[in-house]
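The values are calculated or read from the model by the stated rules, or taken from the named source; none is laboratory data. Computed from a predicted model, the values in this text were never measured in an experiment. Every residue, glycine as well, gets a Cβ built from its backbone with ideal geometry; the counts of neighbours run over all protein chains shown.
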Amino acid sequence: MEMALAFPILLGLVLGTINLAILLNNNITVAAAARDATRVVTATANIDEGITAAQKSLDVGLIGGGESSINIYLTSSSLVSEITYNVPILIPGFAKLLGGNITDTMVSMKYNSSTYVERAVFEPPPPSPYCGDWYNCSGGGWWW
């Protein structure tokens, strides 16, 4: 009789602990992926490479098989990478503890990472003043 009363409570505590551990792991992974994307785009000035780096980080670290979206954009003075990941919930009603509705089956995590960048890094370079008909702009020159 006591086991019939204690078992559901014990099971809820165990599953809640597991679900919380998964959520914390995924939160750390999403934050790291956003930072990786920002770092790669800042270093390479290529947004596609940043999206690829973020997706690789998400593929390696995420648990639970949710859906993710990666958005990287340039503002007037900073580069922002924004990752949203939907994590499935194991226990009905657990989302209510995290600020959602009691009927939610997913929790949405969103993380932004931004850094200041020079706008000129993402713009094509101006033409060289030394380019002309007599000079091959793709390489070499009298000063090399």
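For region 41-56, name all the residues that are more than 10 Å from Ile70 (Cβ to Cβ) and crowded, with 21+ Cβ neighbours inside 10 Å.
Val41
Based on this model, can you work out whether Thr44 counts as free of Cβ contacts under 8 Å to residues at least 60 places away in the same chain and among the polar types (S, T, N, Q)?
yes
Limited to region 104-119, what total is found for residues that are exposed (fewer than 15 other Cβ atoms within 10 Å of the Cβ), modelled with pLDDT of 80 or more and either of a type in the set (D, E, K, R) or in a loop (DSSP other than H, G, I, E, B) (or both)?
Result for region 104-119: 2.
Working only within region 67-102, note down all residues that are assigned to a loop (DSSP other than H, G, I, E, B) and either under 22 Å from the mean Cα position of the chain (by Cα) or within 22 Å of Ala33 (Cβ to Cβ) (or both).
Passing the criteria: Thr75, Ser76, Ser77, Ile89, Leu98, Gly99, Gly100.
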